[in-house]
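Data first, discussion second: the structure below is written as structure tokens.
What follows is calculated from the coordinates using simple rules that are stated; it is not laboratory data. All values derive from a computational prediction rather than experimental measurement. Quick reminder, even Gly has a Cβ in these numbers, built from the backbone with ideal geometry, and neighbours come from all protein chains shown.
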Amino acid sequence: MVGAAICNNGSLMQPYLVAQERAADGSVISQTTPKQLSQATTPAVAAEIQTMMVDVVQNGTGTTAQIPGVTVGGKTGTAQHGVNNSGNPYAWFVSYAKGPDGKDIAVAVVIEASSTQRTEISGSGLAAPIAKQMMATYLGK
């Protein structure tokens, strides 16, 4: 929801699971109407965060999430896990993509378990490529 609000200029929308219900003949029975839940931040602050998140994907730790022709913003990370950080860390990536036709998507990926060596676990190496594939598929790229 954080990534979606930043992508949506600070406007946090109410989540829903089903966009449409259709009958067997394909006709629409009901349609969800998007509703704003709150204004999480101002459009100006959201724009600043968007700039930073896009920079992460273009020039920083999130380059593995780049999609040609699409503006992608993201933030990579790892989180300690286990008593005294004894377990393998979690790898995560929070992101959004702004499609050229106004079709936007926000994706968050958390990898809690991997056979990857501890020193190789990162948001960029594990989580960002998964988010990239999800966003690219949604956008038809």
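The length gained by stretching the chain between Met1 and Val28 to full extension, at 0.36 nm per residue less their Cα-Cα distance, is 7.0 nm. For the chain, the 222 nm mean residue ellipticity estimated from helices alone, with every DSSP H stretch of n ≥ 4 adding -39500 (n - 2.57) and the total spread over all residues, rounds to -7500 deg cm²/dmol. Phi angles across region 128-141 convert, under the Karplus curve 6.51 cos²θ - 1.76 cosθ + 1.60 with θ = phi - 60°, into 3J(HN,Hα) values of 4, x, 5, 4, 4, 4, 5, 5, 4, 4, 4, 7, x, 9 Hz, Gly and Pro given as x. Between Glu21 and Lys141, the FRET efficiency from the beta-carbon distance, with R0 = 22 Å, is close to 0.15. Ordered by the count of other Cβ atoms within 10 Å of each Cβ, fewest first, Tyr90, Tyr96, Tyr138, Tyr16 give Tyr16, Tyr138, Tyr90, Tyr96. At an R0 of 22 angstrom, the distance between the Cβ atoms of Gln117 and Gln66 translates into a FRET efficiency of 0.35. Under a Gaussian network description of the chain, with springs only between Cα atoms under 10 Å, the residue in Gln36, Gln20, Gln50 that fluctuates furthest is Gln20. The H on the amide N of Asp104, modeled in the peptide plane, is under 5 Å from the matching H of Gly99, each at least 5 residues off or on a different chain. Here the 3J(HN,Hα) profile of region 68-74, calculated from phi with Karplus coefficients 6.51, -1.76 and 1.60 at θ = phi - 60°, is x, x, 10, 7, 10, x, x Hz, Gly and Pro shown as x.
Treating each Cα of the chain as one equal point scatterer and applying the Debye formula with no solvent, the log10 of I(q)/I(0) at q = 0.16, 0.18, 0.20 Å⁻¹ comes out as -0.89, -1.03, -1.15.
A convex hull fitted around the alpha carbon atoms of region 4-72 yields 133 Å³ per residue. Cβ-Cβ distance of Asn85 and Gln133, R₀ of 25 Å, FRET efficiency by 1/(1 + (r/R0)^6): the value works out to about 0.30.
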